[in-house]
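Worksheet: the structure to be examined is printed underneath.
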Amino acid sequence: MELRLSNKIEAILYLKGQPLSIAQLAEYAGCDRHTLEEGLIELIDDYAHRNSALEVVETLSGTYSLQLKANFQELVQTLIPVELGVGALRTLAAIALRSPMTQTELVNLRGSGAYQHVQELVEQGFVRKRRPLDGRSFLLDVTDKFYQYFQLEQLPQLLSSSDNEQEADLPEEQLK
């Protein structure tokens, strides 16, 4: 019995447990991108028409993930609460609002306690920490898990448009 490609993709997404790109999915499934995309569309359509707690979604970064539907978020928070203190949440908010930002900028903004918060947020999977080519302060940005957990899809667009509106209200000499 040969597996349908959509079932194979479903198994890959489940087993990997993280968002995957089309190229990664095609490699794991052993097929070309076009064939993979057809199978992925079939899988997404299957989930859209079945009464399931799961769905296949495209993330902001263009990867695909098998995850719980949004209406199960309260159950997730009850069963698997993320224990973040107020300081860590404020640090996470600062990173999300200014993402990407350097760790030095964050420490200047939030104080030296931000180092511990960043470590905690990286361990929880909400923040990605990477060293830039110049080797200076780490660059920090939020991960797909952040957007999924807090059910945010439009954060970058909302912030950039509100920033532009605020700048439009400022006198020109303040913008320099």
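Against the condition crowded, with 17+ Cβ neighbours inside 10 Å and assigned to a helix (DSSP H, G or I), how does Val76 come out, does it pass? Before the answer, list the steps.
Numbers: crowded, with 17+ Cβ neighbours inside 10 Å: no; assigned to a helix (DSSP H, G or I): yes.
No: the conditions fail for Val76.
Is at least one residue of the stretch 134-151 at pLDDT 80 or above, in contact with a helix residue (DSSP H, G or I) (Cβ under 9 Å, 6 or more places away or on another chain) and exposed (fewer than 15 other Cβ atoms within 10 Å of the Cβ)?
Yes, the stretch 134-151 contains at least one residue that is at pLDDT 80 or above, in contact with a helix residue (DSSP H, G or I) (Cβ under 9 Å, 6 or more places away or on another chain) and exposed (fewer than 15 other Cβ atoms within 10 Å of the Cβ).
Can you tell me which condition Gln73 does not meet? The list is (1) in contact (Cβ under 8 Å) with a residue 24 or more places away in the chain; (2) touching a Leu at 6+ places or on another chain (Cβ under 8 Å), and all the others hold.
(2)
So how many residues does the stretch 25-38 have that are assigned to a helix (DSSP H, G or I) and out of contact with any helix residue (DSSP H, G or I) (no Cβ under 8 Å at 6 or more places or on another chain)? Please lay out each step first, then the result.
First, pick out the residues of the stretch 25-38 that are assigned to a helix (DSSP H, G or I): 25-29, 33-38.
Now restrict to residues that are out of contact with any helix residue (DSSP H, G or I) (no Cβ under 8 Å at 6 or more places or on another chain): 27, 34.
Summing the residues that are assigned to a helix (DSSP H, G or I) and out of contact with any helix residue (DSSP H, G or I) (no Cβ under 8 Å at 6 or more places or on another chain) in the stretch 25-38 gives 2.
Residue-wise test of (1) more than 30 Å from Gln116 (Cβ to Cβ); (2) aromatic (Phe, Trp, Tyr); (3) free of Cβ contacts under 8 Å to residues at least 40 places away in the same chain.
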{"residue": "Tyr14", "(1), (2), (3)": "yes, yes, no"}
{"residue": "Glu38", "(1), (2), (3)": "yes, no, yes"}
{"residue": "Tyr47", "(1), (2), (3)": "yes, yes, yes"}
{"residue": "Val56", "(1), (2), (3)": "yes, no, no"}
{"residue": "Ser61", "(1), (2), (3)": "no, no, no"}
{"residue": "Ser65", "(1), (2), (3)": "no, no, no"}
{"residue": "Gly87", "(1), (2), (3)": "no, no, yes"}
{"residue": "Leu92", "(1), (2), (3)": "no, no, no"}
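Looking at Leu66, Leu15, which is the one that is closer than 27 Å to Val142 by Cα, exposed (fewer than 13 other Cβ atoms within 10 Å of the Cβ) and either outside the structural domain of Tyr147 (by TED's automatic domain parsing) or in contact with a Lys or Arg (Cβ under 9 Å, 6 or more places away or on another chain) (or both)? Steps first, answer last, please.
Values: Leu66 fails: exposed (fewer than 13 other Cβ atoms within 10 Å of the Cβ).
Matching residue, one of Leu66, Leu15: Leu15.
Could you list, in sequence order, all residues of the stretch 105-128 that are out of contact with any helix residue (DSSP H, G or I) (no Cβ under 9 Å at 6 or more places or on another chain) and under 16 Å from Glu83 (Cα atoms)?
Correct list: Gln119, Val122, Glu123.
The values are calculated or read from the model by the stated rules, or taken from the named source; none is laboratory data. Just so we're clear, the structure is a prediction, and the values are computed from it rather than from any experiment. Positions of Cβ are generated from backbone atoms using ideal geometry, with glycine treated the same way; all protein chains shown enter the neighbour counts.
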